[in-house]
Structures are given as structure tokens and as C-alpha cells.
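See below for the structure under consideration.
The values are calculated or read from the model by the stated rules, or taken from the named source; none is laboratory data. Note that the structure is a prediction, hence the values are computed from the model and not measured. Methodologically, a virtual Cβ is constructed for each residue, glycine included, from the backbone with ideal geometry; neighbour enumeration extends over all protein chains shown.
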Amino acid sequence: MRALLASCIFLLVAPLSGAFAQSQFQSQPHHAGIARIEVPADIPFEALIWYPTDVVGGSWQAGPFPIPATHNAVVADGKFPVVLLSHGGGLGGGSPLVLRELSAYLARQGYVVVAPFHGKTGLGGRPAQIKLAFDAVLADSRFEPHIDPARLGMLGFSLGGAVTLELAGATPNWAHFASFCATHPDDVMSCGHAPDQSSTSQAPRHPSSSATVPLRLPLKAIVLLDPLAALFQREDLQAVTMPVLLFRPEQSKLSGDGNAIGLAAALPRAPQYQTLPGGHFVFVDVCPPVLQSEASEICSDLPGIDRADVHVGIESMLAEFFGKYL
């Protein structure tokens, strides 16, 4: 497997830490604004929108989470590419607020980030939520004049990686996933928090439509942060032909062969593949003090891992990747 990856995947030869110093000097042409909208559906849900603004130095508090963005600031002049974001899942359902710093960074770089609150919706409903949230932003008079829908990318973390792959053209293979979990009983992160396929028939719909929302989008480039990919085999991925930036933490508890490593070998177009220090949750923003003890598995890192420093490197690579393809 390692030999195969070496021959078919472009590995970044510069160490991740080398990107850290570069990104600290990288210009950020805008400030970040944020809005929280309700998305129309048979069961409405909310989404966060980060976007470029010229308003300086704002911040917003959402529960325990400080957000480095100005709430409801005026959108900066211009048309901007869009990055759709699907957060992870787990037993609690997840939240886009755990990727708030990364989203604000992308807004400062000139992207509109659309991130629905998936709640406990299973994999069958999450792609539809992404599509409905995107449609709602396009219909919003604040954002529509400033969005270039032809420059559309997506970022997915963990279960959000499976959502991203499906919207990019992959077909979930539930029989393969069941077989994988049967033969990997110790892979609790992949299978113990397994996505719920039963919600496929209950995917959110626009209230004016009786049909389910199409589960494909014209994505130009995608980023996958330690994705759940055990639902897909090579033949299920043949339509995923756009550029892919794929991150794999070195100490992740998500099975590599069944997920990121296997995915990298199976994609029809070799991804840009990047390893980095830390575990699965190293992508989550540094936790507020109030959450440090309540969510130690998510908030804590192995000795010697500086999560904030890791994020600086990730941000630098995202800016370069999306800047090239969107």
C-alpha cells in the first residue's frame, strides 16, 4: 500500500512546519464577517455564513465560542468564490463552530464559507442540507451580488468528508461499509459512530418541492480533513475527478487503510496528500477554556503537538490550494 501511494500520490515534500512561517506573513486582503441564517426546508435548520468585509476588528460570541468575525457586517465589494463546509458528526451531531477559526481565515482570504448545522442528521440527509444552505445564500440579497457560483469548492472534516465526496460524485456503498466494520471491530471511530443511512428517505427538502434535493454539485476542488471514506471503493469514486487536497494526521484513530490512505489510492485523480502531526481532532479549533475539561478527547493533543501552530500550516495550504483551483 505504501509503495502504491508513493507512486500515485503527490506528497508535499516541504515539511508542514515550513508552511507555518510562510503563512504568518501571508497577506489577508479582507476582514471577516459572519451571519447566521435559517434555511427553508420541510424541517428548517440554521447555517453560518462567513464572508469578506471591510469592517475592522469585530468579534462575536456564540455560546462558549469566540468568533473572530463581525456579526452581520456589510459584505465587501466584489464577487467571491464559495467554500461549502460540512463538519464532523459523532454521537453529538457536531457543529461548524469547531471550525470557526478556519472559516474566518478563509473569509479574510476572500471566500464565502457556507456551513450548515447538521445536527444529528445522518449521512443520507447532510448533502441535501449543504445544497439547501447554498441555495439559501444565493437567494439572500446580502450575498447574491457578491457570490460567483461558478467558483465552488468544498471542505469536509471526518463525516463531513463523506458528505463532500458524495456531493463531488461518489456513491456511498453501504454493503462495503458493513463488511468493513465487520472485519474492523476495533475501528470504533469509523464504525462505532457510523453514519445513519436510514435518513436517506428523509433528506431535507425545500418546502415547495416534493422531490429530494439532487445530491451532486459542480465542485471545482475539494479539501478532506481526515475523512470517513470507508463507504467508498474505487468504482464508487470514478466521478470524483476534480483536484483533491487530502489531510491525514499521523496519530489518527480513524483507520488509515480504510479511510484516508485507502481513499488516496482509490481516487481516479491522485490527490495532493499531506500528513501532519496530531490525532483526528487536531483540525478542531483550540477549545475555549470552559470546554477543555468537558471535551478532553476533542480538545487535548499528544505531548509536543501545538494545535495552533498546526492550524497555521493548514490555513496556508488551503489558501494556496483554493487560490489555484477556484
Tally up the residues in segment 170-194 that are assigned to a helix (DSSP H, G or I) and within 18 Å of GLY89 (Cα to Cα), please. 7
Taking segment 26-57 as the region of interest, how many residues are over 18 Å from GLY94 (Cβ atoms), in contact (Cβ under 8 Å) with a residue 60 or more places away in the chain and small (Gly, Ala, Ser)? 4
Count, please, the residues in segment 50-66 that happen to be modelled with pLDDT of 90 or more and closer than 24 Å to LEU155 by Cα. 4
Among the aliphatic types (A, V, I, L, M) and more than 15 Å from HIS118 (Cβ to Cβ): does that describe ALA41? no
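Are there strands (runs of 3 or more DSSP E) fully within segment 47-146 with at least 1 residues that are buried (at least 17 other Cβ atoms within 10 Å of the Cβ) and within 19 Å of the chain's Cα centre (by Cα)? List them.
Numbers: elements: 60-62, 65-67, 80-86, 112-116.
It comes to 65-67, 80-86, 112-116.
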Subset of segment 301-323 (residues that are touching a residue at least 24 places away in the same chain (Cβ under 8 Å), within 18 Å of MET154 (Cα to Cα) and surrounded by fewer than 19 Cβ atoms within 10 Å (Cβ to Cβ)): GLY323
For GLN238, state whether it is surrounded by fewer than 16 Cβ atoms within 10 Å (Cβ to Cβ), out of contact with any Asp or Glu (no Cβ under 9 Å at 6 or more places or on another chain) and modelled with pLDDT of 90 or more. yes
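Residues in segment 222-231: is at least one of a type outside the set (A, V, I, L, M, F, W, C), modelled with pLDDT of 95 or more, closer than 30 Å to VAL75 by Cβ and touching a strand residue (DSSP E or B) at 6+ places or on another chain (Cβ under 6 Å)?
Pass one, segment 222-231, residues of a type outside the set (A, V, I, L, M, F, W, C): 226-227.
Narrowing further to those that are modelled with pLDDT of 95 or more: 226-227.
This time we only want the ones that are closer than 30 Å to VAL75 by Cβ, so: none.
No: segment 222-231 contains no residue that is of a type outside the set (A, V, I, L, M, F, W, C), modelled with pLDDT of 95 or more, closer than 30 Å to VAL75 by Cβ and touching a strand residue (DSSP E or B) at 6+ places or on another chain (Cβ under 6 Å).
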For ILE298, state whether it is closer than 21 Å to GLY90 by Cβ, crowded, with 16+ Cβ neighbours inside 10 Å, aliphatic (A, V, I, L, M) and touching a Cys at 6+ places or on another chain (Cβ under 8 Å). yes
The lone condition GLU297 fails out of (1) in a helix (DSSP H, G or I); (2) at pLDDT 95 or above; (3) within 25 Å of ALA230 (Cα to Cα) is (2)
Select, from PHE232, PHE247, PHE283, the only residue that is of a type in the set (Phe, Trp, Tyr), closer than 22 Å to SER86 by Cα and in contact with a Phe, Trp or Tyr (Cβ under 7 Å, 6 or more places away or on another chain). PHE283
Please tell me if GLY304 is small (Gly, Ala, Ser) and on the phi > 0 side of the Ramachandran plot. yes
Is it true that some residue in segment 265-278 is part of a helix (DSSP H, G or I) and in contact with a helix residue (DSSP H, G or I) (Cβ under 7 Å, 6 or more places away or on another chain)? yes
In segment 29-46, the residues that are within 27 Å of SER316 (Cβ to Cβ) and surrounded by 14 or more Cβ atoms within 10 Å (Cβ to Cβ): HIS30, HIS31, ALA32, GLY33, ILE34, ALA35
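So for segment 276-293 (the condition being without any contact (Cβ under 8 Å) to a residue 60 or more places away in the chain and closer than 24 Å to GLY110 by Cβ), does at least one residue qualify? Lay out the reasoning, then the answer.
Kept after step one, since they are without any contact (Cβ under 8 Å) to a residue 60 or more places away in the chain, are these residues of segment 276-293: 278-279, 281-282, 287, 289, 292-293.
Next, only the ones that are closer than 24 Å to GLY110 by Cβ stay: none.
Checked against the condition, which is being without any contact (Cβ under 8 Å) to a residue 60 or more places away in the chain and closer than 24 Å to GLY110 by Cβ, segment 276-293 yields no hits at all.
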